[in-house]
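Read-outs throughout are calculated quantities, based only on the coordinates presented, and are distinct from any laboratory measurement. In this text the structure is predicted, and so the values were computed from the model without any measurement. Here the Cβ positions follow ideal geometry from the backbone for every residue, glycine too, while neighbour counts run over all protein chains shown.
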Protein chains: 2
Amino acid sequence: MSPVSESMNFLNEIAHRFPDAISLAAGRPFEGLFDLDDVHRYFDTYRRHLTARLGGDEQAVRRTLLQYGRTKGIIHELIAEHLRVDEGITADPQALVVTVGCQEALYLTLRALRRDDRDVLLAVTPSYVGVHGAASLVDMPVLPVRESPEGIDLDDLLAQVRRARAAGLNPRACYVIPDFANPSGIRLSLEVRQRLLRIAAEEDLLILEDNPYGLFGDLDGPPTVKALDERARVVYLGSFAKTGLPGARVGYVLADQRVPGAAGPLADQLAKIKSMLTVNTSPIAQAVIGGKLLAHGCSLRAANTREREHYRSNLAQVLTGLQKRFGATPGVSWNTPTGGFFLLLTVPFPVGDELLELSAEKFRVLWTPVHHFYADAQARNVMRLSSSHLRPEEIEEGLNRLADFIRYRSHT
Amino acid sequence: MSPVSESMNFLNEIAHRFPDAISLAAGRPFEGLFDLDDVHRYFDTYRRHLTARLGGDEQAVRRTLLQYGRTKGIIHELIAEHLRVDEGITADPQALVVTVGCQEALYLTLRALRRDDRDVLLAVTPSYVGVHGAASLVDMPVLPVRESPEGIDLDDLLAQVRRARAAGLNPRACYVIPDFANPSGIRLSLEVRQRLLRIAAEEDLLILEDNPYGLFGDLDGPPTVKALDERARVVYLGSFAKTGLPGARVGYVLADQRVPGAAGPLADQLAKIKSMLTVNTSPIAQAVIGGKLLAHGCSLRAANTREREHYRSNLAQVLTGLQKRFGATPGVSWNTPTGGFFLLLTVPFPVGDELLELSAEKFRVLWTPVHHFYADAQARNVMRLSSSHLRPEEIEEGLNRLADFIRYRSHT
């Protein structure tokens, strides 16, 4: 099995082994605002909407929700409206594929892009574990592109593309999380987004824009790269795991690229792959997300007012808490994201899995060694901290334990 | 794009273009017994069960149903109980992976079995389109094994294995639907099942047993191959699309094989792949299926009493209807499955896609050209007829139109 899945597995497994540890590792959404009754409420909202749309034909409603269904999904029009309302993206609903979470969207995209052994993916690194996972399933090598304080080192992107071409490889796309990246929390500026688009056009690259956290940022942030995309350079990967409900496992991909020799957009190629992989995304699960969209005028920003406040306040608490505990500690520093779930903490020693184990066992606090976000798996002096799913008192206690661990380790 | 997906696409597309045609093509379950309120009812049944199991811990219930969850799924124990009750299979719940329909189970299994370019799959042919789809996604060639009137030509299986090995290939497994195969409707006898198991052990092959229709057969039918499997030769692929609800998109795989060098069963390898593909199957969708299982003491046979009667009666009507219309027609013959959704009709002329198009346009009746179930895509004199989703009057009218088409085509 690939190192990627071993890595994901190790992190899950350690969380299970130390259930009383406070996790600054998990990137899960806050579940304090989850409500089980939402499942019925949202499902019924979508059901009523569908009944009206189908002119009251109950049999057609039953068929749509309970039978095998459209490969590209049933809530594509609502998603297109959400993209218009929340992101200023003009999306043709026919260019959307509703997927089993964003992870399937990533897989479908990479599987469609991969033609032969020479195709490679570029990824801003450190990068989300899932992109290495999907790439390894389609046997597509991932070439790292250096992250910079601005989020992506565009000179390195160009250098990597040229080096790959010189080696006979075909760089197909560059994967990036422009808003509050996982793991670094960095948000790309408008200028970097525009330069990235320019490079993509000049170098004939696609950009895979993954955007699970963007809606938790300030309203005056830069637009998504897709909203700036005039030449269909961006494949936009969407998730409802953080803004909708993780338990629905619904995501989507907007792939409006033209495909030589094909009548429809790239989305149609993805749908063909999906028909061989999962056939279609559960319409019951789609209805739950569709109902949540409908209940908020298709604005997930509106639907997540309390969540946004929770994440913002948690992140601020972590930043203040780090300053209080480590403001004068040599060798300890961190970056200061303006939103999202994550930040990177630099410590005076390399943090590998064996130290995480020690931290879990002796100090009852979990964090993520950043090497899990690199293909080379070499321990570095950096850990990812996440606070998304915690309550204020858990954050304080988690940071206390973390400080104890760092103090202990610095003196041994 | 692969011929497989073109094939699936063509068949879907023609059904959409001729909505007033009667479809003897679609293999969908009968939706006349679907009830939208079941979604809430089953979900709540499972929710109550979970609340009791978790000692009333509402937060844990919310987390289980709405948060990211266990990669291998949450209803594995209910599925194990169903396998015990309905199939006499003793399944370790830890060897089960709950999947996004049976199609994902197939993909995960093939992806895990594929080590390099020499690995190949054997499949009783004509075979279900989905197996070619999943195999093409993992770049694993499919070698056909001849179907015989008994369902599988075991001499040909042995010959294929040996020929493949002589050519430097590694046959990893043989795919088979032992109960009412798609497309032929044939059911393997107990003796054939036992010989198949013996060959698998002797030749070090796995059997991929796909069983979506078995529960619609008589109670005195032969046991599943998995129930006879004493040496963990069978990977059992399960679907709830026909016995549960297609709209839940929930299936599973029982993979209890030991893996050299690994602590857990093959299921754990599949779970690692799943974590990179779809992360986990929607717990909301799983809860709906879990509730249906609970509502019927984990017996899907009990849950499908009316459905079984519907399918049995439809198949009998088609067989009688064919006899009435073609009993004396030279060149027209058919097999007589004892259950399931399908049968094969032989006609006096090769039936390719262009004839299906003619049949749809001029005669308003759809059927499936059998070449879609072969890798070579050569038109043959055989079509698959399905009656699962129709009402009696639609079957009569469909067969009338089919008779008109065959008469017309025989005389031109």
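Below are the figures for this structure:
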| item | result |
| --- | --- |
| Debye, to nearest 20: dipole size of chain B, +1 on Lys, Arg Cβ, -1 on Asp, Glu Cβ | 400 |
| 10 Å Cβ neighbours from other chains, averaged over peptide A:40-46 | 2 |
| Percentage relative contact order, the stretch A:40-302, counting C-alpha pairs under 8 Å, at least six apart | 29 |
| Cβ-placed point charges (K, R +1; D, E -1), dipole of the stretch B:29-149 about Cα centre in debye, nearest 20 | 420 |
| Simple Cβ-charge dipole of the protein assembly as shown, Lys/Arg +1 and Asp/Glu -1, about Cα centre, in debye nearest 20 | 40 |
| Helix B:101-113 axis, angle to chain B major axis (alpha carbon atoms, nearest 10°) | 70 |
| Separation of alpha-carbon centers, the stretch A:76-140 and the stretch B:259-326, rounded to whole Å | 29 |
| Charge dipole of the stretch A:40-302 about the Cα centre (unit charges at C-beta), most positive-ward option of A:T64, A:P178, A:L245 | A:T64 |
| Cα-projected label distance for A:D204 with A:A15, points at 7 Å along beta-carbon direction, nm | 4.2 |
| Partner chain coverage, peptide A:28-38 - average Cβ within 10 angstrom | 3 |
| Under 24 Å from A:K72, Cα to Cα: lysines that are on another chain or at least 8 residues apart | A:K226, A:K242, A:K272, A:K274, A:K292, B:K242, B:K274 |
| Residue mean of other protein chain beta carbons inside 10 Å, B:106-112 | 1 |
| Exam field: B:A167 pseudo-label spacings to other copies (7 Å along Cα-Cβ), nanometres | 3.4 |
| Nm distances between copies for B:E203, ranked from closest, using label points 7 Å along Cα→Cβ | 4.9 |
| Rounded tilt (10° steps) of B:3-17 against the dominant C-alpha axis of chain B | 70 |
| Principal-axis tilt of helix A:190-202 within chain A, Cα atoms, nearest 10 degrees | 60 |
| Calculated SAXS-style log₁₀ I(q)/I(0) at q = 0.15, 0.17, 0.25 Å⁻¹ - the stretch B:200-284, Debye, Cα scatterers | -0.70, -0.87, -1.28 |
| Convex hull volume per residue in cubic angstrom - Cα atoms of the stretch B:339-412 | 91 |
| Label point distance in nm, B:L169-B:T90, each placed 7 Å from Cα along Cα→Cβ | 3.7 |
| Percent breakdown of C-alpha pair distances by 5 Å bin, ordered from the shortest bin, for the stretch B:258-412 | 2, 8, 13, 14, 13, 10, 10, 10, 9, 7, 4, 1, 0, 0 |
| Cut-off 10 Å between beta-carbons: net charge of the residues surrounding A:A159, Lys and Arg +1, Asp and Glu -1 | 0 |
| Projected-area average for the stretch B:40-302 over all orientations - Cα convex hull basis, square nanometres | 13.7 |
| Pairwise centroid distance, computed over Cα atoms, of the stretch B:376-393 with the stretch A:25-39, Å | 46 |
| Two-decimal ratio, the protein assembly as shown, of alpha-carbon radius of gyration to 2.2 N^0.38 Å | 0.96 |
